[in-house]
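*Asks:* A single structure is presented below for examination.
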Amino acid sequence: MANKRKGCLSKLRIAGLFSLLLIGLVLMGVSIINLNIPTESPLLNQLTETEQIRVAEVNHLRTTLGNEVWPGWGDENIPILIYNEGYTFLIGMDNPEAGWIRVPYKTIEGSEWEKVFDNYPYHRQALPKSGESPQAFIVEIGGVFAASMTTKDWTQIHLMQLIKEDLPNFLKPIMPYSLFINKFNSDWHIAGILHESFHAFQAKHSYSRLKSAENLNTYHNSYPWRNAEFREIWVQERHLLAKALIKNDIHEIKPIVKEWLEVREERRSRIDSTLIYYEKQREWLEGLAKYAELKSWMLASDQYKYTPLPEMEQDPDFNFYKGAKDHRKQEVRQLRSDLGFSETMFYYSGWAQAELLDRLYPNWKSKALEPSIFLDELLQEVCNPPEHSIL
């Protein structure tokens with residue numbers, strides 16, 4: 001028996017050593033992979049050819065499918081400004097005025113633009129030495145609203161930097177950053193620019209409302225983020241929205257939306273009218289942009305409806321929008337989850353309301369950009385119409 005125990009212990013020690021060796025090899029492999037992850041943009045003062053093609057694809061997708069996403073969006077001329085850690089690049093404007101204005105703050109930043117003649121001509125300028133950069137939102141240049149976002153390369157590099165900053169030193173070399181940054185492929189980046197492009201559309205057609213919605217971020221600190229009971233009811237709301245989104249039959253959707261409206265009304269009895277207004281405006285601003293982002297992605301995934309630019313075949317990170325359905329399912333799961341209780345949830349709750357309005361209220365977009373028209377009120381109107389309503 002003693003010999004058997006010794007044999008078992010020896011086997012356990014060998015298995016343990018083998019496991020440690022395997023873990024060490026994996027960590028070494030991760031460290032080597034991390035060494036090959038770029039830490040700066042490949043071209044600081046130029047747009048790579050791939051970046052230029054991606055922007056061209058954004059415009060191609062929006063002008064082809066944009067009106068199906070939202071009437072008139074595809075007809076607009078919406079310039080695109082993308083930037084990295086040292087330069088900003090402007091595509092889609094002739095003879096732009098100097099600098100840019102961060103909306104809605106009206107502060108002028110930057111300097112004169114220099115024209116670059118390339119496959120897709122664009123303008124560029126170095127970022128100010130003060131470190132100011134355009135925001136991932138919209139900017140105004142010479143009275144024209146432009147979608148603004150980081151380049152794909154810089155998005156991934158900056159994300160890795162942010163992750164590193166939050167890690168203890170011993171984890172920094174062995175964290176598998178690729179697992180986080182590789183999911184942001186070209187499809188995702190194109191959809192992200194379309195999100196900001198829809199903000200430019202909102203600004204052009206309802207600037208005072210966009211300004212109000214963005215300025216309401218000042219109420220972020222007053223919102224009861226840490227109230228556990230309040231959070232629990234919000235989670236219930238999100239679950240109901242997710243439940244409604246996976247239904248196709250209007251007769252199944254309406255009762256769920258009615259229940260959601262009741263839960264929302266009960267929750268909102270716990271906060272004042274200013275914070276309710278904050279919720280409604282942020283859902284309108286960010287929820288509609290997320291709706292445009294996801295609907296564009298979904299429509300583009302239909303190969304019978306849409307063909308990307310042939311040049312996109314040169315982009316190794318482009319998946320031809322094939323992951324659209326899986327991405328949407330992930331977003332529904334995110335809506336249902338309790339992982340995040342932050343301002344981002346207004347993106348999700350606003351997007352969900354917009355999708356439900358597509359099914360319940362076909363003409364809702366004709367009203368949605370008007371002052372004081374809110375998404376939940378449109379759902380209230382269609383689910384609980386007043387007497388003599390034409391709905």
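*Asks:* Given the criterion within 28 Å of residue 219 (Cα to Cα) and either touching a His at 6+ places or on another chain (Cβ under 7 Å) or not aromatic (Phe, Trp, Tyr) (or both), identify the matching residue among 335, 360.
*Replies:* Only one candidate passes the filter, namely 335.
*Asks:* Need the failing condition index for residue 259 against (1) open to solvent by 70 Å² or more (accessible area, probe 1.4 Å); (2) in contact (Cβ under 8 Å) with a residue 24 or more places away in the chain, just the number.
*Replies:* Exception for residue 259: condition (2).
*Asks:* Pairs, please: C-beta under 9 Å, at least 6 apart or cross-chain, first residue without any contact (Cβ under 8 Å) to a residue 24 or more places away in the chain and in segment 61-72, second exposed (fewer than 15 other Cβ atoms within 10 Å of the Cβ)?
*Replies:* 63/75; 67/75
*Asks:* Test residue 49 against the criterion of being surrounded by fewer than 20 Cβ atoms within 10 Å (Cβ to Cβ) and not polar (S, T, N, Q), and give yes or no.
*Replies:* yes
*Asks:* If I go through segment 85-101 residue by residue, how many of them are over 19 Å from residue 44 (Cα atoms) and either over 27 Å from the mean Cα position of the chain (by Cα) or surrounded by fewer than 16 Cβ atoms within 10 Å (Cβ to Cβ) (or both)?
*Replies:* Of all residues in segment 85-101, those over 19 Å from residue 44 (Cα atoms) come to 92-98, 100-101.
Now restrict to residues that are either over 27 Å from the mean Cα position of the chain (by Cα) or surrounded by fewer than 16 Cβ atoms within 10 Å (Cβ to Cβ) (or both): 94-98.
Of the residues in that region, 5 qualify.
Each row is one residue, and each column tells you yes or no for (1) part of a loop (DSSP other than H, G, I, E, B); (2) touching a residue at least 12 places away in the same chain (Cβ under 8 Å); (3) open to solvent by less than 60 Å² (accessible area, probe 1.4 Å); (4) within 30 Å of residue 48 (Cβ to Cβ).
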| position | (1), (2), (3), (4) |
| --- | --- |
| 304 | yes, no, no, no |
| 307 | yes, no, no, yes |
| 311 | no, yes, no, yes |
| 318 | yes, yes, yes, yes |
| 325 | no, yes, no, yes |
| 331 | no, yes, yes, yes |
| 353 | no, yes, yes, no |
| 370 | yes, yes, no, no |
| 382 | no, yes, yes, no |
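*Asks:* Looking only at segment 262-282, how many residues end up being open to solvent by less than 20 Å² (accessible area, probe 1.4 Å) and either more than 13 Å from residue 238 (Cα to Cα) or small (Gly, Ala, Ser) (or both)?
*Replies:* Going through segment 262-282 one residue at a time, the tally reaches 5.
*Asks:* Another question about this same structure. With respect to residue 296, determine if the residue is open to solvent by less than 60 Å² (accessible area, probe 1.4 Å) and assigned to a helix (DSSP H, G or I).
*Replies:* Criteria met by residue 296.
*Asks:* I need every pair where a residue in segment 142-162 that is on the phi > 0 side of the Ramachandran plot has its Cβ under 6 Å from the Cβ of a residue that is acidic (Asp, Glu) and open to solvent by 30 Å² or more (accessible area, probe 1.4 Å), sequence separation at least 6 or different chains.
*Replies:* Here the result reads 142/97, each pair linking segment 142-162 to a residue that is acidic (Asp, Glu) and open to solvent by 30 Å² or more (accessible area, probe 1.4 Å).
*Asks:* Hey, residue 104 hits all of (1) in contact (Cβ under 8 Å) with a residue 60 or more places away in the chain; (2) within 28 Å of the chain's Cα centre (by Cα); (3) open to solvent by 30 Å² or more (accessible area, probe 1.4 Å) but one; which does it fall short on?
*Replies:* (3) is the only condition that residue 104 fails.
*Asks:* Keeping to segment 222-239, report how many residues are over 22 Å from the mean Cα position of the chain (by Cα) and either in a helix (DSSP H, G or I) or among the charged types (D, E, K, R) (or both).
*Replies:* So the count comes out to 9.
*Asks:* Find all pairs meeting these conditions: Cβ atoms under 6 angstrom apart; at least six residues apart or on different chains; first residue within segment 264-290 and of a type in the set (Asp, Glu); second residue in a helix (DSSP H, G or I) and open to solvent by 10 Å² or more (accessible area, probe 1.4 Å).
*Replies:* 286/347
*Asks:* Those residues that are out of contact with any strand residue (DSSP E or B) (no Cβ under 7 Å at 6 or more places or on another chain) and open to solvent by 20 Å² or more (accessible area, probe 1.4 Å), I need them from segment 195-213; list them, please.
*Replies:* 205, 207, 208, 211, 212
*Asks:* Something else now. If I ask for residues that are assigned to a strand (DSSP E or B) and either open to solvent by 30 Å² or more (accessible area, probe 1.4 Å) or within 17 Å of residue 53 (Cα to Cα) (or both), which ones from segment 110-139 would you list?
*Replies:* Within segment 110-139, 114, 115, 116, 122, 123, 124, 126 meet the criteria.
The values are calculated or read from the model by the stated rules, or taken from the named source; none is laboratory data. All figures in this text were calculated on a predicted structure; none of them were measured in a lab. Cβ atoms come from the backbone with ideal geometry, glycine included; neighbour counts cover every protein chain shown. Side chains included, ligands, DNA and RNA excluded: accessible areas come from the protein's heavy atoms. Shrake-Rupley method; radii C 1.70, N 1.55, O 1.52, S 1.80 Å.
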